[in-house]
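The values are calculated or read from the model by the stated rules, or taken from the named source; none is laboratory data. Computed from a prediction, not measured in an experiment: that's the story for all the values here. Methodologically, a virtual Cβ is constructed for each residue, glycine included, from the backbone with ideal geometry; neighbour enumeration extends over all protein chains shown. Please note that ligands, DNA and RNA were not included when accessible areas were found on the heavy atoms of the full protein model with its side chains. Shrake-Rupley method; radii C 1.70, N 1.55, O 1.52, S 1.80 Å.
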Amino acid sequence: QVQIVESGGGLVQPGGSLRLSCEASGSIFDIYAMDWFRQAPGMDREFVAGVTTGGRTNYADSVKGRFTISRDDAKNTVYLQMNSLKPEDTAVYFCNVDIALIGRYGTNNYWGQGTQVTVSS
């Protein structure tokens, strides 16, 4: 009923930038919190950034001042602009969204399939 598709990952040199996108589609009535997580090899998945329906944002300390999360509700899309990338930012980045479905009560939580970000010279 809902598809979550991330894009924008790739290989970038230290100090470079990437912009990730995550689009939700399907039987969507409304979208609430939209978050980005990441998981490096051998590590637990960790929170990176989040944005509420009101536009309030929250960031992990490790990315504050370098990453910016934003959303376009008309496109059901959340973005993550990543600047001044470091090798330790290398991970698979996942989108996570809370969605209210058409004709259903309450919200459901969905994960995307992930997109690889590699920061290396």
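When Lys and Arg each count +1 and Asp and Glu each count -1, what net charge do the other residues less than 14 Å away from residue 33, Cβ to Cβ, add up to?
Computed value for this residue: -2.
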*Near the amide H of residue 85, under 5 Å away, which other amide H atoms are found, from residues 5 or more places off or on another chain, if H is placed in the peptide plane?*
15, 16
*FRET E, pair residue 43, residue 100, Förster distance 30 Å, beta-carbon r, rounded to 0.05*: 0.40
*Within the P(r) computed for region 43-121, what percentage of the Cα pairs occupies the region above 22 Å?*
30
*Describe numerically, in nm with one decimal, the distance between label points set 7 Å from Cα along Cα→Cβ at residue 118 and at residue 13.*
1.7
*Which value, in Å², gives the accessible area per residue of the chain when a 1.4 Å probe is used on the protein heavy atoms?*
53
*Compute the distance in nm between two label points, each set 7 Å from the Cα along the Cα-to-Cβ direction, one at residue 60 and one at residue 111.*
1.4
_Distance in nm between pseudo-label sites at residue 75 and residue 1 (7 Å out along the Cβ direction from Cα)_ = 2.6
*For the chain: relative contact order, % (alpha-carbon pairs under 8 angstrom, 6 or more apart)*: 35
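Quick one: pull the percent of accessible area on the chain belonging to carbon and sulfur, 1.4 Å probe, ligands and nucleic acids left out.
47
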*Stokes-Einstein at 25 °C, 0.890 mPa s, Kirkwood radius from Cα pairs: D for region 1-59 in µm² s⁻¹?*
179
